[in-house]
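Visitor: Following this message is one structure expressed as structure tokens.
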Amino acid sequence: MKRLLIILALGGLGLGLAAQAAQEVHEYRLDNGMQVFVKPDRRAPIAVSQVWYRVGASYEPDGRTGISHVLEHMMFKGTEKYGPNEFSRIIAENGGEENAFTGPDYTAYFQTMAADRIEVSFELEADRMRNLLLRPEEFAKEVEVVKEERRLRTEDKPNALTYEQFKAVAYRSLPYANPVIGWMNDLENLEAKDLGHWYRKWYAPNNAALVVVGDVDPERMFELAKQHFGPLKAETLPESKRLREPPQRGIIRTEVKAPARQPYLVMGYKTPVLASVDEQTALEPYALEMLAGILDGGQSARLKRELVRGAEIATSASASYSAFTRLPGMLTLSGVPAEGYDVADLEQAFTEQTAKLRTELVSAEELERVRNQVIASQVYELDSVFYQALQIGLLETVGLDWRLIDQYAENLRQVTAEQVRDVARKHLTEDQLTVAILNPQPIEEPAMAARQPSGGRHGG
Amino acid sequence: MRSLAGALTLALTLVGPTQATPEIQHWQTQSGAKVLFVEAPDLPMLDIRIVFDAGSARDGDTPGLAKLTNAVLDQGAGPWSADEIAQRMESVGAELGNDSLRDMAYLSLRTLTEPAPLKTALETLTQVLTAPRFALSDVDRILQAMGATLKSQQQSPGAIVKRRFMQALYGDHPYAIHSDGTEASLAALTPEQARAFHRRLYVANNAVVAMVGAVQRPQAEAIAEQLTAALPAGEPAPKLPEPEPLSEARSVKVAFPSAQSHLRIGQIGMRRGDPDYFPLYVGNHVLGGSGLVSRLGEEVREKRGLSYSVYSYFSPMHADGPFMMGAQTQNAQALQAQTVMMDTLRRFIEHGPEAADLARSKKNITGGFPLDIASNSKILGYLAMIGFYDLPLDYLDNFVQRIEAVDAAAIREAFQRRLHPERMLTVVVGRQVEPAESKAE
């Protein structure tokens, strides 16, 4: 871990600020292949324990989309030893907070508790890593809950529907085309036995990482991890083929019609990530992170300054890119046009922004601002044990090394204005662009035979 | 392998009244603002939140004014434009925040404590707080953004149910006003109104400054002085009227072309500092405040798979805030979900919590208390709440003990006295399904 305090010129913030305040990460590996990471943080007598599995929506074959997420739900439905929901009851009774989340590249489970109770979490997680019972009657109810979750998160949210379709048409080959929650058809056809296969295939100690951050002793955590997870048997994991998107050869456009009051635009350019670059292109993801920060790293960044203020062409405008995914992704631009403008105007404005990045060098002040924001946010992130553990788990499950956390600010510091221009020229081109728009349909209000309060207004 | 039961016993004996709660320091600035401060030396950062009694409960007949005033503060202040304010903050890695709720309106700052960034961030915040410009062009832009927010709410059944519930429950009371206003009310708002609102309510005697971070008391005092010196002393906002409970059950149905119906059921609940706060809080934790292991979670989601999210909560405010239960389910099941929720509530009010459930909830709340005060940002939230609602400064020190003191009889008695299922408001937003299509339970 970097301990050197480097003071940048021009009043820049010390890169070592976070390193000074942060503790070291201790890394172990059990004989069965399970990784264990422990980072002490003694500010409060609590700890978070997270178990990360290298499986998620991007591992799912057609017809089985959403299976990782449904399995995540079923992980609370009991083992041979504990009944349905007993996991949650035991954690609650111990004053713990717990939950789980599924992403394209990972499925993760976490408990935050008083540090002296963290062993409870280890025992329960170790138990459900290999001994889950997928009771058909529990599955039948839980898959209905997941369908309600899909209705809540996607079906009834016009922007979410648009974003889902945007990804679906953008990718020819990569499984990022599928939604994490799964297509409704696939949820309807999913069976408990499918989950059983998925569980046995992926939930094994050699496909998992345990991350603990908090007021704990690393050696003691390692001993406890050995005791609880050590006896679990390793499995032969399925071989994953290297996936890459075929070259895109022209713009892709799509439209979603849904009941809505305002339009919405999403644009995405295919971009590399840290896990996909070679030696020659190693800095490209950092240049793209820098570029995204220049576009949308706060209220002073270009999209807010020039489009939301300035031209006032958008009521919201944002840019997003992550270097930390398992497979290559996209740099996206999205927003809502302001009154008097339409999605075509906003698309034009976004296109002008990317054109400017291809032709003009970004300023030293902008580079400096993004770097300082990154350095500061690394300090702020130390206020949360959850977030510290998340960073380690995320990097390890997408095939990177947790040490990148320490190198990140330093690598960003190396990015020059020329490199930002070069990645814009190489990747932000129209032939690698996908554009999705929401075409709002009337929110019809069918007459209801209901008691309507007098003077009540429709639609809030 | 050591058994889980063994681990539990061991762990439970370790909890107790030994948890260290943050030491809250308290004083007043010369201008009269109340300050609550916790020194947190471990990380080189400082969090500040300045809270005013200037939320939408103060909107009067101009809904949206509180939010507009709050949102336009950083769009131009003192010598700086919106661009310059954003640039000054972000170039030193500082994060400026703001929000306006029903009771509270606030500005917040997270900054490094290195001298140079700290100085820039504080200078900028001071101008934003005390010398906002309220230029017409900035006000118009914020009004447009608020208009866009209204539209996005109008396409969201979840947002519609929230708005309609508060509107129907509170009637003429200020809590009926939605912070985002209405299309008609926004169209009539002016910079002069925002300036007057700021002059009247963003004043020292109506302010609480909460601070957590790596500065010592003398520096904290200097910072609080710097921020508030230019605030007029002013007057605290007047006490809000008490809302009238509904005299009979009421049902509001809003047709919306969604896959799910969103339900919200409730009544007037309690205020901050309410004498029944602890029995109602602990009781609600059992009923619907503890996620999937709560009674509502068990009945609606775990047993029947009706809804992804189901909950109940009291939202205590200056005046009595609402009590509500909520869920969303596909339209054909809306009636069933509503019935299950009401039955669960009635049973709970009649019988109170079961001993085992109550014991579990108390263990969850007290055992989880260290988590609630484990970060600077969480402590800051408590400071703002304690200061704003005039709760005792030893609120956190006594919290665990107050929870422990609650018993089943007190919960049952308080729920029976305070909650009235026969006089509740039910709001449903969704597609109406003919009763024939509804699944009977």
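Visitor: Of B:SER307, B:SER100, how do they rank once you tally other Cβ atoms within 10 Å and put the fewest first?
Guide: B:SER100, B:SER307
Visitor: Next question, about the same structure. Using every pair of alpha-carbon atoms in region B:57-157, split the distances into 10 Å bins beginning at 0 and state the percent of pairs per bin, rounded to integers.
Guide: Binned Cα distances yield the sequence 15, 41, 31, 12, 1.
Visitor: Relative contact order for region B:25-228 using alpha-carbon pairs under 8 Å, separation at least 6, rounded to a whole percent?
Guide: Computed over region B:25-228, the figure is 40 percent.
Visitor: Looking at the calculated P(r) for region A:116-224, what percent of the C-alpha pair distances fall above 25 Å?
Guide: Summing the P(r) of region A:116-224 above 25 Å gives 47 percent of all pairs.
Visitor: Quote the FRET efficiency, to the nearest 0.05, computed for B:ALA355 versus A:ASP31 with a Förster distance R0 of 35 Å and r equal to the Cβ-Cβ distance.
Guide: It comes out at approximately 0.20.
Visitor: Given 0.36 nm per residue, what is the gain on full extension from B:ASP140 to B:HIS420 after removing their alpha carbon distance, in nm?
Guide: Contour length minus the Cα-Cα distance gives 96.4 nm.
Visitor: Between A:LYS257 and residues 5 or more places away or on another chain, which pairs have amide H atoms under 5 Å apart, with H built 1.01 Å from N, and which residues are they?
Guide: HN-HN under 5 Å from A:LYS257: A:ASN439.
Visitor: While we're looking at this one, here's another question. Return the lysines within reach of B:LYS162: Cα separation strictly under 19 angstrom, same-chain partners fewer than 8 residues apart disregarded; answer none if there are no such residues.
Guide: The qualifying lysines are A:LYS157, B:LYS67, B:LYS151, B:LYS253.
Visitor: Going by how many other Cβ atoms sit within 10 Å of their own, how do B:TYR382, B:TYR311 line up, fewest first?
Guide: Exposure proxy ranking, most exposed first: B:TYR311, B:TYR382.
Visitor: On to the next question. If you take the Cα Rg of region B:250-433 and divide it by 2.2 N^0.38 Å, with N the number of residues, what do you get?
Guide: Ratio of Rg to 2.2 N^0.38 Å for region B:250-433: 1.07.
Visitor: Express in % the proportion of alpha carbon pairs of region A:34-128 at distances exceeding 17 Å.
Guide: Result for the distance tail: 54 percent.
Visitor: Restricting everything to alpha-carbon atoms, can you work out Rg to Rh for chain B with a Kirkwood hydrodynamic radius?
Guide: Rounded to two decimals, Rg/Rh equals 0.99.
Visitor: For a test of the definition: using alpha carbon positions, the gyration tensor, and the 1.5 limit on a/c, classify region B:331-378 as rounded, prolate or oblate.
Guide: Taking the square roots of the gyration eigenvalues as a ≥ b ≥ c, region B:331-378 is oblate.
Visitor: Pull out a ≥ b ≥ c, the square roots of the eigenvalues of the alpha-carbon gyration tensor of the protein assembly as shown, then state rounded if a/c is under 1.5, prolate if not and a/b is larger than b/c, and oblate in the remaining case.
Guide: The shape class here is rounded.
Visitor: Kindly work out what percent of the DSSP beta bridges joining two residues of the protein assembly as shown are antiparallel, to the nearest 5.
Guide: 75 percent
Visitor: Give the order of B:SER375, A:SER240 when sorted by the count of other beta carbons within 10 angstrom, beginning with the fewest.
Guide: Least to most surrounded, the residues fall as A:SER240, B:SER375.
Visitor: Positive end of the dipole of region B:25-228, charges at C-beta (+1 Lys, Arg; -1 Asp, Glu), about the Cα centre: which of B:ALA57, B:SER81, B:VAL209 has its Cα farthest in that direction?
Guide: Working it through, the farthest residue towards the positive pole turns out to be B:ALA57.
Visitor: A further question on this structure: What is the spin-label model distance, in nm, from B:SER247 to A:SER377 if the labels are put 7 Å beyond Cα along the C-beta direction?
Guide: Between B:SER247 and A:SER377, the label points sit 5.6 nm apart.
Visitor: Further question: Quick check on chain A: of the DSSP beta bridges with both residues there, what percent are antiparallel, nearest 5%?
Guide: Here the antiparallel bridges make up roughly 75 percent for chain A.
Visitor: Let me ask you something else. Along its principal axes, what span do the Cα atoms of region A:231-328 show, with the longest given first and each in whole Å?
Guide: For region A:231-328, the Cα extents along the three principal axes come out at 58, 40, 37 Å.
Visitor: Strictly greater than 19 Å: what percent of every Cα pair in region A:170-226 meets that?
Guide: That fraction is 61 percent.
Visitor: Relative contact order, percent, of chain B when contacts are C-alpha pairs under 8 Å separated by at least 6 residues?
Guide: Relative contact order, chain B: 21 percent.
Visitor: Rounded to two decimals, what is the ratio between the C-alpha radius of gyration of region B:155-314 and 2.2 N^0.38 Å?
Guide: Ratio of Cα Rg to 2.2 N^0.38 Å: 1.41.
Visitor: Average projected area of the Cα convex hull of region A:354-420, in nm²?
Guide: Taking the Cα atoms of region A:354-420, their convex hull projects to 5.5 nm² on average.
Visitor: Also, I was wondering about something else. Quote the relative contact order of chain A in percent (integer), defining contacts as alpha-carbon pairs under 8 Å separated by 6+ residues.
Guide: 22 percent
Visitor: Another question about this same structure. Could you work out the equivalent-ellipsoid semi-axes for chain A, taking the square root of 5 times each eigenvalue of the Cα gyration tensor, largest first, in whole Å?
Guide: They are 37, 32, 22 Å, listed largest first.
Visitor: With unit charges on the beta carbons (Lys and Arg positive, Asp and Glu negative) and the dipole taken about the Cα centre of chain B, which residue among B:MET146, B:TYR382, B:THR190 sits farthest to the positive side?
Guide: B:MET146
Visitor: With a point put 7 Å past each Cα toward its Cβ, work out how far B:ASP42 is from A:GLU339 in nm, to one decimal.
Guide: Using points 7 Å along Cα→Cβ, the separation is 4.9 nm.
Visitor: Tell me the Kirkwood radius of region B:25-228: reciprocal of the mean inverse pair distance over distinct alpha-carbon atoms, in Å.
Guide: 17.7 Å
Visitor: Once you've got the Cα coordinates, tell me which of A:LYS270/A:LYS426; A:LYS147/A:LYS167; A:LYS193/B:LYS303 are over 18 Å apart.
Guide: A:LYS147/A:LYS167; A:LYS193/B:LYS303
Visitor: Taking the Cα centre of the protein assembly as shown as the origin, how large is its charge dipole in debye, to the nearest 20, when only Lys and Arg (+1) and Asp and Glu (-1) carry charge on their Cβ atoms?
Guide: For the protein assembly as shown, the charge dipole is close to 880 debye.
Visitor: Report the label-to-label distance for B:ALA405 and A:ALA234 in nanometres (one decimal), using points 7 Å from each Cα along the Cα→Cβ vector.
Guide: Here the answer is 5.8 nm between the modelled labels.
Visitor: Explain nothing, just the number: dipole magnitude of chain B about its Cα centre with +1 on each Lys and Arg Cβ and -1 on each Asp and Glu Cβ, in debye rounded to the nearest 20.
Guide: 860 debye
Visitor: OK, next. Would you mind working out the magnitude of the charge dipole of region B:250-433 relative to its Cα centre, with +1 at each Lys and Arg C-beta and -1 at each Asp and Glu C-beta, to the nearest 20 Debye?
Guide: In debye, rounded to 20, region B:250-433 gives about 680.
Visitor: Let me ask you something else. Between A:ASP431 and A:GLN280, what FRET efficiency follows from the Cβ-Cβ distance if R0 is 30 Å, with the result rounded to 0.05?
Guide: 0.90
Visitor: For region B:117-172, max minus min Cα coordinate along each principal axis, in Å, sorted largest first?
Guide: 46, 25, 24
Visitor: Set Lys and Arg Cβ to +1 and Asp and Glu Cβ to -1, take the dipole of region A:252-441 about its Cα centre, and tell me which of A:PRO328, A:LEU265, A:GLY298 lies farthest positive.
Guide: A:LEU265
Visitor: Another question about this same structure. Quick one: if the Förster radius is 51 Å, what FRET efficiency do B:GLU84 and B:ASP394 give, using the C-beta to C-beta distance and rounding to 0.05?
Guide: 0.75
Visitor: Here is a follow-up. Using the Kirkwood radius built from alpha carbon pairs, what does the Stokes-Einstein equation give as D for region A:252-441 at 37 °C and 0.692 mPa s, in µm² per second?
Guide: 188 µm²/s
Visitor: Hey, how many Å between the Cα centroid of region A:267-318 and the Cα centroid of region B:144-198?
Guide: After rounding, the separation between the Cα centres reads 33 Å.
Computed from the coordinates by the stated procedures, all read-outs in this text should not be read as laboratory data. From a predicted model like this one, the values you see are computed outputs, not experimental measurements. No Cβ is skipped: glycine too gets one built from the backbone with ideal geometry, and neighbour counts run over all protein chains shown.
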